[in-house]
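So the structure is just underneath, and the comments pick up after that.
The values are calculated or read from the model by the stated rules, or taken from the named source; none is laboratory data. Not measured: the values here are computed from a predicted model. Cβ coordinates were reconstructed from backbone atoms using ideal geometry, including for glycine residues, and neighbour counts include every protein chain displayed.
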Amino acid sequence: MMERIRRGLSWLRDNFMSGVLILMGLASHLSTAMMSVLIGIGILFFLLDVWQKRIGHPFRPIDWAAGVVFGAFSVSILLEALLSLEPGRSLSEAASTIFHMVPFFLALFYVRSWRVAGFILTAFAVSALLNDVWAYLQVKWKIESGWGPGRPVGFSKSPTFLGSFMLLTIPLLLLVPHALPGWIRRIFLWGCGIFSMYILVLSQTRGAWLAFGGVLLLFVLLNRRHRAICLSGLVILVLSGAMLYHTSPVIQDRWETMSNEKFQSNTERVLMWKGAAQIFADHPVFGVGQGEFGLVYNRDYLAPEAKERPRDPNNPRSGHGHPHNNLLKVLSERGLVGIAFFLLLHGFILWELLRALRRGEGKKAYAFALAGILTFAGVQFEGMTDTNLQLAHIVRTYWFLMGLCLATGQIREG
């Protein structure tokens, strides 16, 4: 009896982190709070493994390389925070940034089998499906209530965030299933991916639409194995989009606003970009400090013609807190030093994904690497018009998926 209990506890210990990672996949679209709890549990378990020398496997070259790059990035943002206009606030922002990256290492260190990777992806698909169904019902209820075809938010806080999640979701759920066993799971994952494409359209997130177009073109360029099929699929999607454009006045109006120079959202973005560029010009080396854009922009750089101003005139932070552009946010808040480490960090991820794609030791690793590159590209493309990497639930899922895709590149095919 005691031997059975000992074996049971040993099995639970060996598989505990796999369960945590599967739950992370399930929480990804649904709950930021649950993801926080799971990250905390993962950190404690990892530290316990280190203390008891029970990591369960030797560190590989990619583990050491990731540790060095992420460590250098973390040190840079902590040191830059000390030079901020408000060191306390910037240190808090820097600590949050480091915490958001933890899922990357948990996935990289503990995803060691295709079975676990498949369970994580399935849980991720369930999370996406629940989010998409809730978003669809929101649109349906708004139409039935006479409010018109409003933009859904799902379990996110805004339609823009929902669009960002679709960019995280679609590549993995459409490209990886064919490499996994089980036709029922494949159909389920593909169905969730197609449904997410529909929700991306309903979100009316223009930046996500443009980013998805860029992802499709990149997919055709990268996938040399099936380029003819990819081009055929791209043509079908373009024709479907054109048909939707001509049959839906809402989608047509939303699309046409992208080229409308007088559309308020467009003009305000341009003003914020100019303001961020001016902040960088005035503070080129270390910027004004992480988390300080809202204060400095609304107080000192807000253009007279700007219509979107702080809700409270006495509180600059009640206005826009970011310039709707990832690179400009880093440049304005962290200067040249910050952008250098930002490019180092994300450049490392892209380089490792490209290496995994080139190795292409099997269809599973190739599929995950390709999906990882397209997920990376979608987030970065949309980051040209929205500051998506400052949002906790998006950035945590982003790092979680990057860790998953790099981890699978290290698993032997079988």
- Note on the structure: For the range 341-361 the number of residues that are within 26 Å of Val285 (Cβ to Cβ) and either without any contact (Cβ under 8 Å) to a residue 12 or more places away in the chain or acidic (Asp, Glu) (or both) is 2
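A quick yes/no check of all residues on (1) at pLDDT below 70; (2) part of a helix (DSSP H, G or I):
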| position | (1), (2) |
| --- | --- |
| Cys230 | yes, yes |
| Val238 | no, yes |
| Tyr245 | yes, yes |
| Lys262 | no, no |
| Ser265 | no, yes |
| Gln278 | no, yes |
| Pro284 | no, no |
- Task: Among the residues of the range 342-369, write down those that are within 20 Å of Gly383 (Cα to Cα) and crowded, with 20+ Cβ neighbours inside 10 Å.
- Result: Phe342, Ile349, Leu353
- Using the structure shown, decide if Ala392 is surrounded by 22 or more Cβ atoms within 10 Å (Cβ to Cβ), of a type in the set (A, V, I, L, M) and modelled with pLDDT under 95. no
- Task: Return only the number of the condition from (1) within 30 Å of Asn298 (Cα to Cα); (2) touching a Lys or Arg at 6+ places or on another chain (Cβ under 9 Å) that Ala365 does not satisfy.
- Result: (1)
- Message: It is to be established whether one or more residues within the range 298-309 are within 22 Å of Glu382 (Cα to Cα) and among the basic types (Lys, Arg).
- Response: no
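Report whether or not Val270 is at pLDDT 70 or above and either among the hydroxyl-bearing types (Ser, Thr, Tyr) or more than 30 Å from Glu333 (Cβ to Cβ) (or both).
no
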- With the condition kept exactly as written, say whether any residue in the range 313-322 is in a helix (DSSP H, G or I), in contact (Cβ under 8 Å) with a residue 24 or more places away in the chain, touching a helix residue (DSSP H, G or I) at 6+ places or on another chain (Cβ under 6 Å) and within 30 Å of Leu172 (Cβ to Cβ). no
- Query: Between residues in the range 267-278 that are farther than 11 Å from Asn298 by Cα and without any contact (Cβ under 8 Å) to a residue 24 or more places away in the chain and residues that are in a helix (DSSP H, G or I) and of a type outside the set (D, E, K, R), which pairs lie under 9 Å by C-beta distance while being six or more apart or on different chains?
  - Reply: Gln278/Tyr301; Gln278/Ser332
- Query: Name the residues in the range 154-195 that are modelled with pLDDT of 90 or more, of a type in the set (Gly, Ala, Ser) and under 17 Å from Phe400 (Cβ atoms), would you?
  - Reply: Ser164
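To keep it simple, each residue is scored yes or no on (1) surrounded by fewer than 23 Cβ atoms within 10 Å (Cβ to Cβ); (2) more than 19 Å from Thr375 (Cβ to Cβ).
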position	(1), (2)
Asn131	no, no
Tyr136	yes, yes
Gly150	yes, yes
Val153	yes, yes
Leu162	no, no
Pro171	no, no
Leu189	no, no
Met197	yes, no
- Can you find even one residue in the range 81-103 that is in contact (Cβ under 8 Å) with a residue 40 or more places away in the chain, buried (at least 22 other Cβ atoms within 10 Å of the Cβ), under 26 Å from Gly182 (Cβ atoms) and touching a helix residue (DSSP H, G or I) at 6+ places or on another chain (Cβ under 6 Å)? yes
- Query: Going through the range 331-390 one residue at a time, which ones are assigned to a helix (DSSP H, G or I), closer than 28 Å to Gln204 by Cα and of a type in the set (Asp, Glu)?
  - Reply: Glu382
- Query: Pro310 passes all but one of (1) without any contact (Cβ under 8 Å) to a residue 24 or more places away in the chain; (2) outside any loop (DSSP other than H, G, I, E, B); (3) touching a helix residue (DSSP H, G or I) at 6+ places or on another chain (Cβ under 6 Å); which number fails?
  - Reply: (2)
